[in-house]
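The values are calculated or read from the model by the stated rules, or taken from the named source; none is laboratory data. Quick caveat: nothing in here was measured; it's all calculated off a predicted structure. No Cβ is skipped: glycine too gets one built from the backbone with ideal geometry, and neighbour counts run over all protein chains shown. Accessible surface is based on the protein model in full, side chains and every heavy atom, while ligands, DNA and RNA are left aside. Shrake-Rupley method; radii C 1.70, N 1.55, O 1.52, S 1.80 Å.
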Amino acid sequence: MKKILCIDGGGIRGIIPAVILSQIEKLTQKNIAQLFDMIAGTSTGGILALGLVKPDDNDPKKPAFRAEKLVDMYFNEGKNIFPSYMFSRLANLSEEKYSAHGIEKVLQNYFGESTLSDALIDTMITGYEIEKRENIIFKSKSAKLDKEKNFYMRDVARATSAAPTYFEPAQIKSVQGKRVLHLVDGGLFANNPSMCAYIEYAKKNYEMEQEGCLLASIGTGDVFKPYLYRKAVGWGLMSWAKPTIDMMFDGVSNSINYQLEALFDTRKNHKYYRFQRELQNEYNDMDNTNIETLNYLVALSERLISEQWKEMNDLCEELCK
């Protein structure tokens with residue numbers, strides 16, 4: 001059975017899948033790269049995915065980070081990525097909400113000189129090329145075969161998390177320096193990358209229909225904060241920018257989940273696990289890094305694990321087979 005892990009985008013709310021993955025590692029006593037054949041991620045989920053497959057500098061056969069370490073990343077680096085003093089940039093509507101300097105420094109510290117081709121297992125990360133108007137999917141397998149498809153992990157992470165209105169687009173070059181891409185957040189077309197991952201893996205593994213597929217998809221919280229009609233009806237171009245991005249990301253994630261539930265229900269030997277929970281409205285912002293919010297997200301993750309304990313145990317048993 002082929003085993004695929006997919007992680008949604010969602011900014012600081014990536015702490016939710018990080019906590020869930022940490023629990024999976026504790027229950028199985030194995031790291032994520034040992035449990036799955038493939039991992040896919042978008043935005044914050046892409047950063048997590050790359051962190052889980054980056055080889056350790058001292059032992060290239062082992063991952064540099066366990067999921068628990070990536071939980072700490074959100075606590076330690078959240079305010080460096082989304083600094084509160086940058087809110088003053090909102091006064092200038094021609095600027096993104098945050099400078100890219102903070103996130104780029106964090107990604108440099110975590111990923112260094114590691115490249116996509118170094119990934120311990122098959123890895124897919126999404127991005128959107130704004131000049132060519134193309135969906136881009138970075139693939140570690142392709143990076144190993146073609147040097148011009150190999151990029152530094154830090155650059156891939158920066159590109160997949162370049163959410164419009166939050167960060168400026170990312171211009172990145174292949175390791176060889178000949179291929180240049182201009183990218184924004186892959187959440188524009190695949191905030192939940194599960195369908196992309198399933199199709200990509202299925203088309204190259206024809207035996208999967210008989211062998212079966214296990215797909216574990218982890219969300220960053222369902223958002224139900226309403227945008228009231230009486231306010232929205234008077235919005236202009238600038239007022240619609242951020243709500244449009246937020247609604248697009250949430251809508252994409254939910255529609256993909258619906259499609260996969262229907263698809264896997266018709267496939268023999270296929271198992272689909274989705275871990276997702278509703279967020280309270282006051283904690284749903286992608287860039288809220290105050291300690292109260294971070295603690296709430298951890299507590300919500302733990303409640304989710306408790307409420308879906310049977311699914312969690314079933315998943316871990318399947319992963320260990």
Test result for K26, surrounded by fewer than 24 Cβ atoms within 10 Å (Cβ to Cβ), assigned to a loop (DSSP other than H, G, I, E, B) and not aliphatic (A, V, I, L, M): no
Residue that is modelled with the highest pLDDT [pool: residues in segment 91-115 that are surrounded by fewer than 12 Cβ atoms within 10 Å (Cβ to Cβ) and among the aliphatic types (A, V, I, L, M)]: L93
Scan of segment 276-303 for residues that are open to solvent by less than 70 Å² (accessible area, probe 1.4 Å) and among the basic types (K, R), ordered by number: R277
Tabulated pairs, segment 39-52, first within 10 Å of C6 (Cα to Cα) and at pLDDT 95 or above, second of a type in the set (S, T, Y) and assigned to a helix (DSSP H, G or I), C-beta under 7 angstrom, 6+ apart or interchain: T42/T160; G46/T160
Subset of segment 192-219 (residues that are part of a helix (DSSP H, G or I), modelled with pLDDT of 90 or more and open to solvent by less than 10 Å² (accessible area, probe 1.4 Å)): S194, A197
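For F189, indicate whether it is open to solvent by 30 Å² or more (accessible area, probe 1.4 Å), under 17 Å from C6 (Cβ atoms) and either assigned to a strand (DSSP E or B) or out of contact with any Lys or Arg (no Cβ under 9 Å at 6 or more places or on another chain) (or both).
Values: open to solvent by 30 Å² or more (accessible area, probe 1.4 Å): yes; under 17 Å from C6 (Cβ atoms): yes; either assigned to a strand (DSSP E or B) or out of contact with any Lys or Arg (no Cβ under 9 Å at 6 or more places or on another chain) (or both): yes.
When the stated conditions are applied, F189 passes them.
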Subset of segment 224-271 (residues that are farther than 22 Å from G10 by Cα, in contact with a strand residue (DSSP E or B) (Cβ under 6 Å, 6 or more places away or on another chain) and not charged (D, E, K, R)): F264, H270
Restricting segment 220-241 to residues that are loosely packed, with under 12 Cβ neighbours inside 10 Å and of a type in the set (D, E, K, R), the residue that is farthest from the chain's Cα centre (by Cα): R230
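Would you check if F249 is closer than 23 Å to P83 by Cα and touching a residue at least 24 places away in the same chain (Cβ under 8 Å)?
Details: closer than 23 Å to P83 by Cα: yes; touching a residue at least 24 places away in the same chain (Cβ under 8 Å): yes.
When the stated conditions are applied, F249 passes them.
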Filter result for V156 (in contact (Cβ under 8 Å) with a residue 60 or more places away in the chain and either β-branched (V, I, T) or surrounded by fewer than 22 Cβ atoms within 10 Å (Cβ to Cβ) (or both)): yes
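Do we have K225 as basic (K, R) and either at pLDDT 90 or above or assigned to a strand (DSSP E or B) (or both) here?
Values: basic (K, R): yes; either at pLDDT 90 or above or assigned to a strand (DSSP E or B) (or both): no.
When the stated conditions are applied, K225 does not pass them.
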